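Contents: one structure, followed by commentary.
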Amino acid sequence: MPMTLDGLRRMAVTRSLFAPTTLKRALHKFGFVQADPIRSPARAQDLILRHRVKGYRAGDLERQYSKLDIHEDFFINYGFVTTAMQALMHPRSKNCIGGVSGKRARALLDFVQEQGEVHPRQVDEHFSHGRVTNYWGGSSNATTRLLDAMHYQGLLRVVRRQGGIRVYAAHQHASVPTDKNICRANVDALIDIAIGIYAPLPGKTLGFLIRRLHLAVPQWRKELDSALRRTKERLSHTRIDGVDWYWPEEKANEPSDTVKLLAPFDPVVWDRTRFELLWNWPYRFEAYTPIQKRKLGYYALPLLWRDRVIGWGNLSVKDGWLKADIGYVKSCPKDSAYARELEVELSRIQGFLGLNSSIVDT
């Protein structure tokens with residue numbers, strides 16, 4: 001049977017929202033979970049994992065981090081990667097980021113090795129590196145910038161968080177593979193992980209996703225164009241309404257009769273191009289949009305009913321109560337099953353946040 005847009009929609013939902021399992025198994029099934037520091041009402045990584053981990057509670061990832069065989073690192077974005085996946089990306093080339101090979105970096109690495117684990121405050125008190133201009137034009141602590149650069153280079157790893165701040169230890173990766181076949185195999189394996197998370201993909205997004213891997217493997221940036229060609233050759237493909245689609249060969253299951261409020265960076269809705277093609281309306285992340293220009297809300301969560309994203313929800317917690325403001329692209333479904341499942345979803349969120357009650361405004 002030829003693939004249809006309905007089939008792609010079902011695949012996008014059911015292959016990503018697999019049956020809930022343990023936290024470790026979910027992380028290893030994905031290989032990567034995107035992170036975001038905004039907590040509304042919980043961080044993105046927690047909102048993503050709650051749909052895929054049995055009994056998940058906000059903060060479980062951070063609390064269990066040291067036992068999960070994972071690392072904080074860059075893939076296509078910043079987030080959490082498995083050790084096996086990180087080994088495919090490192091060691092990154094020595095010149096992939098400035099400032100890492102200088103005297104300050106060598107002295108800092110010696111200090112971290114002597115201390116075992118360091119908080120950025122300890123490093124700053126010891127070296128007093130001062131302040132620098134950051135990416136957004138503001139002022140950043142130079143120590144933090146150097147620690148970030150050394151972490152990206154692979155000289156340091158995040159061992160835990162303390163009050164949301166990274167605590168670092170020294171780290172060493174295996175030597176750089178010199179065999180071109182190994183390099184290509186590593187790049188292809190990373191692409192397969194990305195496709196496993198985000199497929200099915202429009203051709204435009206597939207190209208963007210693979211080029212985005214320059215963050216993960218800057219040392220193999222020149223390999224990405226040829227890797228894109230290889231990837232298109234091995235994936236299933238169809239063309240619908242002038243759009244090329246790609247996905248790994250597999251059968252799409254039937255969606256369940258459930259309501260889910262998804263994180264803005266959940267794999268189901270991460271790609272805004274695919275979102276509009278599948279659900280025919282533009283979802284926008286508006287946390288950094290001026291208040292007067294917002295249409296959906298500060299941290300609107302896409303609202304999934306079966307295999308359709310029909311609206312959004314803004315969640316907040318006040319005095320121990322969960323408040324849910326629900327909006328719809330067209331109108332609230334009249335199906336009694338929808339009303340029941342929305343209540344079930346809000347109840348799940350209450351448990352996830354450790355709350356007792358909720359108020360719904362539609």
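Every residue, every condition in (1) out of contact with any helix residue (DSSP H, G or I) (no Cβ under 7 Å at 6 or more places or on another chain); (2) among the aliphatic types (A, V, I, L, M); (3) not in a helix (DSSP H, G or I), yes or no:
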| position | (1), (2), (3) |
| --- | --- |
| W220 | no, no, no |
| W245 | no, no, yes |
| K260 | no, no, yes |
| D266 | no, no, yes |
| V269 | no, yes, yes |
| A287 | yes, yes, yes |
| S316 | yes, no, yes |
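Just one of the listed residues (A58, A19) is open to solvent by 10 Å² or more (accessible area, probe 1.4 Å), in contact with a Pro (Cβ under 9 Å, 6 or more places away or on another chain) and in a loop (DSSP other than H, G, I, E, B), and it is A58. Checked against (1) open to solvent by less than 50 Å² (accessible area, probe 1.4 Å); (2) over 19 Å from R15 (Cα atoms); (3) not in a loop (DSSP other than H, G, I, E, B), A216 passes all but condition (3).
Of everything listed in (1) touching a strand residue (DSSP E or B) at 6+ places or on another chain (Cβ under 6 Å); (2) of a type in the set (V, I, T); (3) free of Cβ contacts under 8 Å to residues at least 12 places away in the same chain, the single unmet condition for I291 is (1). Applying the criterion of being in contact with a strand residue (DSSP E or B) (Cβ under 9 Å, 6 or more places away or on another chain) and open to solvent by 30 Å² or more (accessible area, probe 1.4 Å) to the residues of region 156-183, the residue that is farthest from D110 (Cα to Cα) is R161. Are any of the residues in region 194-209 modelled with pLDDT of 95 or more, more than 27 Å from N253 (Cβ to Cβ) and either open to solvent by less than 30 Å² (accessible area, probe 1.4 Å) or assigned to a strand (DSSP E or B) (or both)? Within region 194-209, one or more residues are modelled with pLDDT of 95 or more, more than 27 Å from N253 (Cβ to Cβ) and either open to solvent by less than 30 Å² (accessible area, probe 1.4 Å) or assigned to a strand (DSSP E or B) (or both). Within region 349-360, residues that are at pLDDT 95 or above sit with their Cβ atoms under 9 Å from residues that are surrounded by 14 or more Cβ atoms within 10 Å (Cβ to Cβ) and in a helix (DSSP H, G or I), at 6+ positions apart or across chains, in these pairs: F352/D46; F352/L47.
In the list G297, G313, G320, which residue meets the criterion of being open to solvent by less than 50 Å² (accessible area, probe 1.4 Å), closer than 29 Å to Q350 by Cβ, more than 21 Å from the chain's Cα centre (by Cα) and among the small types (G, A, S)?
None of the other options fit; the residue is G320.
The values are calculated or read from the model by the stated rules, or taken from the named source; none is laboratory data. Owing to the predicted nature of the structure, the values given are computational and were not obtained by experimental measurement. No Cβ is skipped: glycine too gets one built from the backbone with ideal geometry, and neighbour counts run over all protein chains shown. When the accessible area is computed, the model is the full protein with side chains, heavy atoms only, and any ligands, DNA or RNA have been set aside. Shrake-Rupley method; radii C 1.70, N 1.55, O 1.52, S 1.80 Å.
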